[in-house]
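The values are calculated or read from the model by the stated rules, or taken from the named source; none is laboratory data. These figures come from a predicted structure and were not determined experimentally. Note that we place each Cβ from the backbone using ideal geometry, even for glycine, and neighbour counts take in every protein chain shown.
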Amino acid sequence: MVLLLPMQTSYLNTSGHIYDSEFINLVQLSQGSVKFDERTLFLNQEEKDFLNGQKIVEISDSIVVFKNKEKWGLIANLPKEEYIKGNVKSHELVLPSTVQGMLSNFHGYNGEAAPVLLGHESFIDLEIFVKVNEPDKRHAVNDYELFIYQGEKAAKLLSQYQELDQLFIGDGHHRLYTTSLSKFKQTVFACVMSFDYLDILPIHRLLGEVSDEMYLHALNFLSKKFELEKVTADSVLPKGHVRMSRGRDHYLIRLIDLASDAFWNNDIYRLNTQIISQAFRSFDQAEIQYISEEMLKNSESFSEQDVILETHALSKKEFIEAAKNDTVLPPKSTWVYPKFPSFLLMNKYQ
């Protein structure tokens with residue numbers, strides 16, 4: 001049984017602007033407006049003024065059903081006790097440095113601007129629910145249709161989610177873990193979707209501007225220690241392998257199997273320890289860029305000296321089994337898609 005709650009104090013951005021899910025996680029809300037001030041260092045004054053000027057309307061004590069290109073989901077609040085009790089399954093390692101920064105930011109802001117992403121196995125037919133139950137409010141922007149419910153109709157839909165055994169984190173491990181440590185933040189702003197609507201995509205690695213000397217050193221190391229095959233950019237990438245590309249060079253590298261459990265034999269862990277740290281002598285996570293499938297298609301954005309390490313995605317079955325078995329994978333192991341946009345709905349938590 002999983003408990004979800006209506007958002008007590010929430011806002012809808014009606015400006016018509018829509019932002020990538022990675023844009024902003026936290027927001028300062030005051031007197032029914034966005035109030036970014038001098039504490040926000042990652043935005044310049046012009047950006048703050050633009051965001052502060054966008055019109056938002058209160059939709060408190062509500063849940064939101066949304067439709068995006070035939071995919072449906074629910075926006076609601078998740079009590080942190082559900083995560084603490086283990087009803088929300090995680091699969092990625094959380095980093096202490098990230099948690100420390102988030103705890104500080106939770107104090108500095110009072111609202112969430114992007115929900116965590118949670119998946120579930122059973123199918124809940126939100127399309128039928130919307131057809132049968134007239135929303136209290138509607139809103140549309142770009143490819144998103146929002147159906148806002150309050151009162152009895154909201155409770156009716158949330159009761160269906162109580163029949164779920166568990167939820168699975170698609171995105172937001174650090175936000176959920178950090179909230180569980182907080183004394184004042186009791187809920188997490190959440191986007192909840194069936195795995196029928198979600199895709200599990202790989203996250204590739206990029207080492208920027210690798211010198212010819214370092215590249216040749218790595219290639220020599222890999223040729224001695226690994227099964228290495230020269231391939232084309234569009235060759236098949238099997239599980240347990242990495243495709244390494246630099247300029248017009250493309251190699252298929254077979255990762256070394258380890259006599260251990262699923263954590264140590266995870267492709268991302270083996271990529272980190274066998275190739276990035278050993279072959280390229282890179283031990284600083286800040287040196288690694290993370291790129292999605294979509295970014296990978298835009299090859300014009302990469303230089304001839306960038307080294308791209310492509311990984312194989314987990315299947316949905318593997319993803320769910322890993323979480324159920326409490327297998328902890330390295331950070332940035334999976335990209336679960338689609339994610340709800342940032343700054344379209346905002347949830348005030350203090």
note = Selection from region 298-350 of residues in contact with a Lys or Arg (Cβ under 6 Å, 6 or more places away or on another chain) and within 30 Å of VAL210 (Cβ to Cβ) yields VAL307, LEU309, GLU310, HIS312
request  = Sort out which residues of region 153-172 are closer than 16 Å to PHE123 by Cβ, aliphatic (A, V, I, L, M) and either modelled with pLDDT under 95 or out of contact with any Leu (no Cβ under 7 Å at 6 or more places or on another chain) (or both), and write them in order of number.
outcome  = LEU157, LEU164
ask   = Inside region 210-228, can you point out the residues that are of a type outside the set (Gly, Ala, Ser) and loosely packed, with under 13 Cβ neighbours inside 10 Å?
value = ASP212, GLU213, LEU216, ASN220, LYS224, GLU227
query = Listed residues ILE291, ILE320, ILE308; which is closer than 21 Å to GLY172 by Cα, in the same structural domain as ILE256 (by TED's automatic domain parsing) and surrounded by 18 or more Cβ atoms within 10 Å (Cβ to Cβ)?
reply = ILE291
task = Tell me which of these ASN298 doesn't satisfy, since it passes every other one: (1) within 15 Å of HIS204 (Cα to Cα); (2) surrounded by 18 or more Cβ atoms within 10 Å (Cβ to Cβ).
result = (2)
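Answer yes if at least one residue in region 253-271 is closer than 25 Å to ASN25 by Cα and within 18 Å of the chain's Cα centre (by Cα), and no otherwise.
Checked region 253-271: no residue is closer than 25 Å to ASN25 by Cα and within 18 Å of the chain's Cα centre (by Cα).
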message = Given (1) farther than 22 Å from GLU163 by Cα; (2) part of a loop (DSSP other than H, G, I, E, B), identify the lone condition not met by SER122.
response = (1)
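Residues checked against (1) charged (D, E, K, R); (2) free of Cβ contacts under 8 Å to residues at least 12 places away in the same chain:
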residue: ILE291; (1), (2): no, no
residue: ASN298; (1), (2): no, yes
residue: THR311; (1), (2): no, no
residue: PHE319; (1), (2): no, no
residue: LYS332; (1), (2): yes, no
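Name every residue in region 53-98 that is in a helix (DSSP H, G or I) and crowded, with 17+ Cβ neighbours inside 10 Å, in order of residue number.
Once the filter is applied, which keeps residues that are in a helix (DSSP H, G or I) and crowded, with 17+ Cβ neighbours inside 10 Å, region 53-98 yields LYS80, GLU82, TYR83.
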inquiry  = Considering only residues that are more than 23 Å from SER245 (Cα to Cα), of a type outside the set (Phe, Trp, Tyr) and buried (at least 16 other Cβ atoms within 10 Å of the Cβ), which ones fall in region 187-209?
reply    = THR187, VAL188, ALA190, CYS191, VAL192, MET193, SER194, LEU198
remark   = For region 13-32 the number of residues that are within 19 Å of VAL188 (Cβ to Cβ) and either over 21 Å from the mean Cα position of the chain (by Cα) or in a loop (DSSP other than H, G, I, E, B) (or both) is 7
inquiry  = Pairs please, first residue from region 182-200 and modelled with pLDDT of 95 or more and assigned to a strand (DSSP E or B), second anywhere and surrounded by 24 or more Cβ atoms within 10 Å (Cβ to Cβ) and polar (S, T, N, Q), Cβ atoms under 6 Å, 6+ apart in sequence or on different chains.
reply    = VAL188/THR179; PHE189/ASN347
ask   = So is LYS131 out of contact with any Ser or Thr (no Cβ under 9 Å at 6 or more places or on another chain) and either under 20 Å from THR187 (Cα atoms) or aliphatic (A, V, I, L, M) (or both) or not?
value = no
